[in-house]
């Protein structure tokens, strides 16, 4: 997934934000599961990026007053 920018996220509507947050969290969960099983040696950077993207998404949603 491409790097998220808060500026671009602020332009999305509420439903799109919720949908994208769900996708990010499921991707993060999958990456963390693979890491726990020792299968994600090449994906360690992706976990950090996914966590950061979720944080950016939650920040924008809080600014806009969107509920999860």
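A short reminder: the numbers here are calculations on the coordinates, not readings from a lab. Keep in mind the model is a prediction, meaning the values are calculated, not measured. Heads up, the Cβs are rebuilt from the backbone with ideal geometry, glycines too, and the neighbour counts pull from every protein chain shown.
Kindly put 30, 5 in sequence by how many other C-beta atoms sit within 10 Å of each C-beta, fewest to most.
Details: 30 14, 5 10.
Result, fewest neighbours first: 5, 30.
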Residue 25 and residue 44 label points (each 7 Å along its Cα→Cβ direction) are spaced in nm at 2.8 nm
Between 0 and 90 degrees, rounded to the nearest ten: what's the tilt of helix 44-64 against the longest Cα principal axis of the chain?
20 degrees
Determine the principal axes of the Cα atoms in the chain, then give the extent along each, sorted from largest to smallest and rounded to whole angstroms.
38, 19, 15
Taking 61, 39 and counting other C-beta atoms within 10 Å, the order from fewest to most
39, 61
The chain: most fluctuating residue of 20, 32, 41 per GNM, C-alpha cutoff 10 Å:
41
Could you state the angle between the C-alpha long axis of helix 14-36 and the longest principal axis of the C-alpha atoms of the chain, as a value from 0 to 90 degrees rounded to the nearest 10?
10 degrees
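Could you work out the relative contact order of the chain? I mean the mean sequence separation of Cα pairs under 8 Å and 6+ apart, divided by the number of residues, in percent. Write out the running numbers ahead of the final one.
Working: 40 pairs, mean separation 31.0, N = 68.
Here the relative contact order equals 46 percent.
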At 0.36 nm per residue, and after removing the present C-alpha to C-alpha distance, how many nm does the segment from residue 16 to residue 58 gain when stretched out fully?
13.8 nm
Ranked by Cβ crowding within 10 angstrom, fewest neighbours first, how are 60, 44 ordered?
44, 60
